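Following: one structure in structure tokens, then a few remarks.
The values are calculated or read from the model by the stated rules, or taken from the named source; none is laboratory data. Not measured: the values here are computed from a predicted model. Here the Cβ positions follow ideal geometry from the backbone for every residue, glycine too, while neighbour counts run over all protein chains shown. With ligands, DNA and RNA removed, areas are computed over all heavy atoms of the protein, side chains included. Shrake-Rupley method; radii C 1.70, N 1.55, O 1.52, S 1.80 Å.
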Amino acid sequence: MSINDDLIDSNGQDHQETDLRETIFNYLKHWKWFVFSIIFFLGLGYVYLKLVTPKYKIETDLLIKPDDKSANSQSDLLKSLDLFSSDKIIDNEVQILKSKDILEKIIKALNFQTSYYTTKGVRKREQYGNLPFEVKLIKPAADASYKERFEIRLINSTTAEVNGKKVPLNMPYQTSEGLITISQRPKWKGPFNQLFSVKFNDIDDLIESYSNQLKVDPASKQATVLIITIEDAIPERGEDFVNKLLDEYNLAAIEDKNIVSSNTLAFITSRLANISGSLGSVEKNVENYKSRNRIANIGSQSQILLQGVGDNDAQLNKVIIQLNVLQNLEDYLKSDSEPSSLPSMLGIDDATLLGLVSSLGEVQQRKLSLLQTVPETNPIVRSYDDQITALKKAINASVQNLKTGLETTKKQLENKNNQFESSIKQVPGQERGLLDVMRQQHLQDTLYMYLLQKREETAMKLASGVADSRTIDRARSSKLPVKPIKSVIYLLFLVIGTAIPALVIYLKGLLNFRIARRQDIEKATNTPILAEISQSDDPGSLLVSIKPRSMVAEQVRALRTNLQFVIPKEEQKVILFTSSISGEGKSFISLNLGASIAMSGKKVVILELDLRKPKLHAGLDVDNTLGLSNYLIGKATIPEIVKEIPQQDNYYIITSGPIPPNPAELLVNGQIDILINSLKKDFDYVILDAPPVGLVTDAQILSAYADVTLFIVRHNYTAKNQIYSIDNLYRSGKFNNLNIIINSIGINQGYGYGYGYGYGYGYGYGGYYQEESDSKSASKLGRIFKAKKNQD
């Protein structure tokens, strides 16, 4: 790598470091705004924390147990159908827990439809639990808005006050929101006359709100433990909600499991009622037959026949009942009945079939619960449909097999019954008649006892039903609020308080189309920057003579020194000053540079060539009756227009004279060439104060006579796009030896950090700046601060 490459890399790194320092300094100089913004937004954060209602996290754990209800053969079959895999159990139960039916039961049971508020401080606080009274919305009005608040207080144990009207307790009272009742809490003993603001809530909105807030998540992918959480402003209410949710969930699970048993019990009860009446009638027939025929009892042989016929008839009736049950089940499988109408399974002892039917009822019930929260196109609903279809096929196959066996048994029992009929015909007539009626009595009695036994078994099954879940922990609330978190809120407002002023500063810089930094010039052009002049608030035009130890005076002297490197030859005497537009300080710098050169012992003359808007003579209080315009039209000689500047020795001026109507034409009539050549013989330096380039062509005409052109750019005044025009002039060579001078740089604006005079402010020019700081307009605090800078 060459030395030049090293220098280029080093310069690039320096520029990057300087850009970073400038960016940081550009923000740091506005530190007061940052401090104010941060304090303001931290105050807003404090107010926000005072006004916002904190929320607590309520959590509980629920274990979902696999369904172990049958023998090995049944379990194998259910596993083959993939009904109870871990993933399906979790997904199903999550939807059931969040079902709208369960949420509605909870909201109604806990009376969440009514909200109570008390005013403390600047906001209303919601109350729950320890209240003197309870208000229930019995029947909402058709046009209920659920926005009105009622001011209610309990006056005594019999009377309440609603919006100033006395209302008896436990009696319906019509309001704009609907029919309500007010009752005293059982354990409330006082005090009375506490005012509460009561508001009713739309139950559908409450269901939607709790459904969105309720979170049910598995503890892990393989576990069947559900973590149930909810956030509530009142911990006690949240705990009551979650605990009630578990109770309702378990109750619904038990009801799902007992659907078949409940239907069976209802069927048995109705059959018992019918058979009870038939049994009474049959017993009356036996009694009448014995009384009419004067028969006390039947013989031993007839007794044996009666016992055999009765047992055979009982078995045959059981088979017929089982076949009827299977036929009902078969009809059910072919229909689209709801789970609540599952047929009774009375008399069916096949464990596999009973397990399949029970599983069918549970899956259908879960599907119905799920459809209350999700559409039918949901993948979980389709999974339920697939399980239901598989279960129905398995049940139908089992029913067909069982029916085949029962039909065979039925034929055998009917054949045996025919044998008994043949034996009965051989019995004497009166005994045979008694045997017939007693046979009916025995049949009804056996069936009645069988149904009684099944009713007890079914009732015991209903009573012993438990949910396939276990609550690991009852609901518990967090000790501290989870929302809002103070540290996070303060950090958020701190970030906002810092970001807003930073964003404003950034946008201000982004939208600023004027020159703000030295880099703005260096990025747009390669034109050399010869000097940087600070802003001065002094009213005098000739500042280097009035305040020779000021910062601006020293910077002008530095410009004078740099100028020697630009025009080192003695014959190079003509200096042209111009700018883009008026107001950039061209005349001020040209006048003071001439004075600074004159102070070094050189003889200097400055020409006021801005014939349209001359300013130099007014600032120096020099007569302008006769000047350059007079000379150009041949009405004056050179000695007549050259005037001495009284404030500075060796310094002369040729004023503009009366403003002519055609300045450009005067400059090309040949007289200006004679004038400048003559002045170069009599003066060491000739300074041309030309008009701005961007407005007229005068400066370009005069550029032919200049040895160096100094283009003035004013900080925070000159537009950035003007620099591209300067670059075009520099590349085209229209101006000889073109250089840039940056004018009116604010000391406290962070311009040019690390460059030129941006560095000199704190180091090189402390002694010169002292003169300004000792002026009468400076404050005592400013003098102390600046004196410290001088010491540094």
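Key figures for this structure:
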read-out: Exposure rank, largest accessible area first [188, 31; 1.4 Å]; value: 31, 188
read-out: Total formal charge among the other residues, if their Cβ is under 13 angstrom from that of residue 583, Lys/Arg +1 and Asp/Glu -1; value: +3
read-out: Rounded percent of accessible protein surface that carbon and sulfur make up, segment 504-618, 1.4 Å probe; value: 54 percent
read-out: Relative contact order %, segment 509-600, counting alpha carbon pairs below 8 Å whose residues are six or more apart; value: 30 percent
read-out: Relative contact order %, segment 141-212, counting alpha carbon pairs below 8 Å whose residues are six or more apart; value: 36 percent
read-out: Contour minus Cα-Cα distance for residue 724 and residue 65 (0.36 nm per residue); value: 229.3 nm
read-out: Computed FRET value (nearest 0.05) for residue 111 with residue 173, which takes r as the C-beta separation and R₀ as 22 Å; value: 0.85
read-out: Area accessible to solvent at residue 50, 1.4 Å probe radius, in Å²; value: 120 Å²
read-out: Heavy atoms of residue 730: accessible area, 1.4 Å probe, square angstrom to 10; value: 90 Å²
read-out: Environment charge at residue 680 (Cβ cut-off 15 Å; Lys +1, Arg +1, Asp -1, Glu -1); value: -1
read-out: Exposure rank, largest accessible area first [131, 368, 503; 1.4 Å]; value: 503, 368, 131
read-out: Order of exposure, largest accessible area first, which applies to 653, 38 with probe 1.4 Å; value: 38, 653
read-out: Two-site label geometry, residue 183 and residue 409: point separation in nm, points 7 Å out along Cα→Cβ; value: 5.3 nm
read-out: Nearest-10 value in Å² for the accessible area of residue 176, using the 1.4 Å probe; value: 60 Å²
read-out: Additional length obtainable on full extension of the chain from residue 21 to residue 194, 0.36 nm per residue less Cα span; value: 55.8 nm
read-out: Too-long pairs where the Cα-Cα distance tops 22 Å, listed order kept, from 136/199; 586/681; 105/367; value: 586/681
read-out: Length-normalised contact order of segment 541-645 in % [C-alpha pairs under 8 Å, at least 6 apart]; value: 24 percent
read-out: Gain upon complete extension [residue 671, residue 562; 0.36 nm per residue less C-alpha separation]; value: 36.1 nm
read-out: FRET efficiency, 1/(1 + (r/R0)^6) with R0 60 Å, evaluated for residue 50 and residue 460 via beta carbons; value: 0.50
